1. Please enumerate the residues belonging to segment A:143-158 that are in a loop (DSSP other than H, G, I, E, B) and crowded, with 24+ Cβ neighbours inside 10 Å.
2. Looking at segment B:145-162 only, could you name the residues that are more than 9 Å from chain A (Cβ to nearest Cβ) and among the small types (Gly, Ala, Ser)?
3. Please find, within segment B:118-127, the residue that is most open to solvent (accessible area, probe 1.4 Å) out of those that are in contact (Cβ under 8 Å) with a residue 12 or more places away in the chain and facing chain A (nearest Cβ under 8 Å).
4. Do you know which residues across segment B:194-231 are within 24 Å of the chain's Cα centre (by Cα), open to solvent by 20 Å² or more (accessible area, probe 1.4 Å) and farther than 13 Å from B:Glu168 by Cα?
5. With (1) over 30 Å from A:His103 (Cα atoms); (2) touching a helix residue (DSSP H, G or I) at 6+ places or on another chain (Cβ under 6 Å) as the list, and A:Leu69 as the residue in question, which single condition is left unmet?
6. Find the residue count for segment B:55-78, including only residues that are crowded, with 21+ Cβ neighbours inside 10 Å and among the acidic types (Asp, Glu).
7. Return the residue satisfying two criteria in turn: it lies in segment A:247-273 and is without any contact (Cβ under 8 Å) to a residue 12 or more places away in the chain and more than 23 Å from A:Tyr306 (Cβ to Cβ), and of such residues it is most open to solvent (accessible area, probe 1.4 Å).
8. Of the residues that sit in segment B:106-117 and are of a type in the set (A, V, I, L, M, F, W, C) and assigned to a helix (DSSP H, G or I), which one is farthest from the other protein chains (Cβ to nearest Cβ)?
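The values are calculated or read from the model by the stated rules, or taken from the named source; none is laboratory data. These figures come from a predicted structure and were not determined experimentally. Because the Cβ atoms are built from the backbone with ideal geometry, glycine has one as well, and the counts that use them run over all protein chains shown. Each accessible area value is taken on the protein alone, full model and side chains, heavy atoms only, with ligands, DNA and RNA left out. Shrake-Rupley method; radii C 1.70, N 1.55, O 1.52, S 1.80 Å.
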There are 2 protein chains.
Amino acid sequence: MSTISIPSDVPSPEEDCNKLWKAFKGWGTDEKAVIDVLAHRNARQRRAISEAYRRLHRESLLDRLRSELSGDFGKAVVLWAQDPQERDAKLANKAMKKKDERHVLMLIEIACASSPDHLMAVRKAYCFLFNSSLEEDVEDHFAKQESLRRLLMGLVTSYRYNGELVDEELARSEAATLHDAISMKQPDNEEVVRILGTRSKSQLKSTFNCYKEKYGTSIDEDLESSSSGDNKFIPVLKVAVRCIESPEKHFAEVVRSSIVGLGTDEDALTRAIVTRAEVDMKSIKEEYKRYKTSLNTDVIGDTSGYYQEFLLALVGWAIP
Amino acid sequence: MSTISIPSDVPSPEEDCNKLWKAFKGWGTDEKAVIDVLAHRNARQRRAISEAYRRLHRESLLDRLRSELSGDFGKAVVLWAQDPQERDAKLANKAMKKKDERHVLMLIEIACASSPDHLMAVRKAYCFLFNSSLEEDVEDHFAKQESLRRLLMGLVTSYRYNGELVDEELARSEAATLHDAISMKQPDNEEVVRILGTRSKSQLKSTFNCYKEKYGTSIDEDLESSSSGDNKFIPVLKVAVRCIESPEKHFAEVVRSSIVGLGTDEDALTRAIVTRAEVDMKSIKEEYKRYKTSLNTDVIGDTSGYYQEFLLALVGWAIP
């Protein structure tokens, strides 16, 4: 459900490298050429371009992009040019260093809105890039926030069963467990963390459905009115539930929040579009319609220049 | 550090299949031919043989081996013929169903004596084979053994940094944390689980060294005299430490224990030899010398027939 458009006759990585090399040459940069190449290649193709670039020009394409491009456009292209697993490993690392709510949510997105295989690949890339494991850094950085630490550990270390099989009876019993914990104002108890951190996404979706059927309100709504000793915990738990249940809803909301109000949160907008363009951007755009506008229209309204052009290419605006 | 010997001119998978097919034909089985092919092929080659066998004969090689061979020999060949990750996923699943100490130790071996990448592959295979994740089954099966469950979860979900970099100061401080917990008779506290479940093996080896240097006794020895509410916990923790610190020592001990005393524990002997032949059997044989005998001699003394012949082929007895 990717929204990027790839030409039917893709140039070789070497041809793409030459085009980029020419775009970088002399004073200034031919930004249009950069968009023309990179925004229309998938992750595998971008990787091949990076490798060819290093071979042909003995420098890192990423470093060159960093020095040639600037502002939000530059940040977006650099994020897009990386291997998805390395990109997410770096985002996770940054999230842990910052530790504020906004950044912790990035970590939750990576843990809960990724496929199990992608999360594994991110953990692998993390060890390679940072000489430590993702989980030991979670333990170190959140040592003093007991509930949050336990939740994050459960989520980042999971490798969920990725199939469709669901145990309906288990869904009913675990919906009751979740409801008990939340209604007793103990959303951070071990059972909640165990259920969210180990069950498959299909199983959890069924559990959340049972919850709503049996208790009349969704787990989301009940969490809203719950509380926990750690005031960061509830918002984080809500995003985890949302990213497991419906990542497209979550990312539609991220894009929308980045746009409404005064100014634009370009970092959030870039991150949502870059990380989801090849995953589920089509569904995100469908979800977005509930704001009575289209994602394309909002991006056009709130961005400009090459940054706008690049984001629109990723969300498939150029598709006839 | 594998001990199996592979002919320099390896037959094609199809030729190997034909040899096996002939070995199965008619009354009885040509066990020698089975050993001759399978004991002298590495995991990748055995996989190619299995795939070719299914293609050529429209049946599973594993099923055929199960029906052709019997006793300890049959069990050993069937274990050996599987993909290492599938084999270990099945051993882990069996371990959880049995839940006695002896089987829990198998789970610890898989979690702590495997490379991080192998453990990941086992988790992947587990989901594929059992339609549930390894970690959700650990949670379910050990729900009532709080300390053990937490330890097992930390170990099976880890993807440790696999490099050599060590933080000496951290090693000293975590050696003190471990010592405090053990001397306060709280070996099952969260800090112990965190350290053993997340740090890299190089880091942990350095921590165990600091422990011995600073306190005069090894963590192993101190654990011996410690206690925990759950009487399964200490032996399991000891094996975890041993498998992280020196898997070759652990498996030398497993082989030795399977042999000494009345009768032989063939299941343990088979498992140790089959699972480590391609990993570190050379080092295990070196370690084994501390029993003033050789592993080969002990195997010869306690086994017979095709079973003996097969094990000896795996431990490299036939190497000139």
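1. Of all residues in segment A:143-158, those in a loop (DSSP other than H, G, I, E, B) come to A:143-145, A:157-158.
The one that is in a loop (DSSP other than H, G, I, E, B) and crowded, with 24+ Cβ neighbours inside 10 Å: A:Thr157.
2. Hit for segment B:145-162 is B:Ser147, nothing else.
3. Checking each candidate, the answer is B:Lys124.
4. B:Arg194, B:Lys201, B:Ser218, B:Asp220, B:Glu221, B:Glu224, B:Asn231
5. For A:Leu69, the exception is condition (1).
6. 1
7. Step one: list which residues in segment A:247-273 are without any contact (Cβ under 8 Å) to a residue 12 or more places away in the chain, which gives A:253, A:257, A:260-263, A:265.
From what is left, the residues that are more than 23 Å from A:Tyr306 (Cβ to Cβ) are A:253, A:257, A:260-262.
Working: A:Glu253: 79, A:Ser257: 73, A:Val260: 71, A:Gly261: 66, A:Leu262: 182 Å².
So, considering only residues that are without any contact (Cβ under 8 Å) to a residue 12 or more places away in the chain and more than 23 Å from A:Tyr306 (Cβ to Cβ), the one most open to solvent (accessible area, probe 1.4 Å) is A:Leu262.
8. Checked segment B:106-117; the qualifying residue farthest from the other protein chains (Cβ to nearest Cβ) is B:Met106.
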